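Read-outs throughout are calculated quantities, based only on the coordinates presented, and are distinct from any laboratory measurement. Values in this document were obtained by computation on a predicted structure and should not be read as measured data. Virtual Cβ from ideal backbone geometry, glycine too; neighbours counted across all protein chains shown.
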Amino acid sequence: METFGERLHAAVAERGPLCVGIDPHAALLSRWGLPDDVSGLERFARTVVEAVADRVAVLKPQSAFFERFGSRGVAVLESTIRQSKEAGALVLLDVKRGDIGSTMAAYADAYLNPASTLCSDAITVSPYLGVGSLAPAFESAAAHGGGVFVLALTSNPEGPAVQHAVGAGGRTVAQTVIDEISQVNAGARPLGSLGLVVGATIGETGHDLSAVNGPLLAPGLGAQGGTPDDLRAVFGESLHNVLPSYSREVLSAGPSIADLRAATERVLDGVRTALG
Ligand SMILES: O=c1ccn([C@@H]2O[C@H](COP(=O)(O)O)[C@@H](O)[C@H]2O)c(=O)[nH]1
């Protein structure tokens, strides 16, 4: 069985280092001339998939924007995941789960077990109940060839108050997360299946990402103010493992398929230049 790290490495080599987020904000539905209901959600997600799923390495549906429509929204999420995979994109479900023991195992079953209709190639998780509490997700990912992206240094301005806090050993909370994930990924080739989320907006923070040996998802580009030129300061020598992620910057070009594709090309050109 191919690991997520292997599949991601191959997808980026073939399609380029880009993740496009599917974030059906109410404001975007309105901008696209769609109603803020399940039919608008369905049309929006289907259009994004049709426009870019056959050309980007990774699509990242934001679960919250589907869940807000209840079970019918989750049904649209299921179709979006399936259609994205059929078109050849890897699906990173941005669901930011985090819990303990059997509850975390149930989340892992929901999102990483192929028996589930929500099964994705990878998910995002929050480590703030302790990285060890995420073990069921890591085990499920290993068993099924999936990936897990752990929040480390997030793109929002509230993040540093928690993530830069220094613990008893003199390391920041974020560095502890980074180091624990690095240990699990050690030795994996070409890339480990555990990734980290590190925002493109955070600047140079002094955190050491050099041993991660896994993908570094970089949200915060475009609408949140981050630019491809910011990536070098944030990631330094780890630039080669960065997976830049754009949502609104691309989505606001819709609903025209041609315009969505052009926006995707434009941001991909920008990040290719920055990543070298
Ligand atoms: O630190 C983080 C972690 C996740 N996100 C998510 O990424 C997208 C960003 O959307 P944009 O429209 O490109 O700003 C969104 O789904 C966030 O929940 C993040 O922004 N920062």
Counting only Cα atoms, I'd like the Rg/Rh figure for the chain, Kirkwood definition for Rh.
0.94
DSSP-defined beta bridges in segment 4-275 - what % are antiparallel, rounded to 5:
5 percent
What's the exposure ranking of His240, His25, going from fewest to most Cβ atoms within 10 Å?
His240, His25
Amide H contacts of Leu18 (H built 1.01 Å from N, under 5 Å, at least 5 apart or other chain)
Ala57, Val58
Could you tell me which of rounded, prolate or oblate describes segment 152-222, using a ≥ b ≥ c as the square roots of the eigenvalues of the alpha-carbon gyration tensor, with rounded for a/c under 1.5 and, failing that, prolate when a/b is larger than b/c and oblate otherwise?
oblate
Taking 25 Å as R0, compute the FRET efficiency from the Cβ-Cβ separation of His164 and Glu237 and round it to 0.05.
0.75
Where the centre of each part is set by its Cα atoms, how far does segment 63-129 sit from segment 9-29, in angstrom?
16 Å
Counting other beta carbons within 10 Å of each residue's own, what order do Lys60, Lys96 fall into, fewest first?
Lys96, Lys60
Leu93's amide H: which non-local residues (gap 5+, or another chain) put their own amide H closer than 5 Å, with H modeled 1.01 Å from N in plane and none for Pro or chain starts?
Asp121, Ala122, Ile123, Thr124
What list of ³J(HN,Hα) couplings, whole Hz, do you get for segment 197-207 from phi and the Karplus terms 6.51, -1.76, 1.60, once you set θ to phi - 60° and write x for glycine and proline?
9, 9, x, 6, 8, 7, x, 8, 10, x, 6
Round to the nearest 0.05 the FRET efficiency obtained for Asp37 and Glu14 when R0 = 45 Å and r is the Cβ-Cβ distance.
0.75
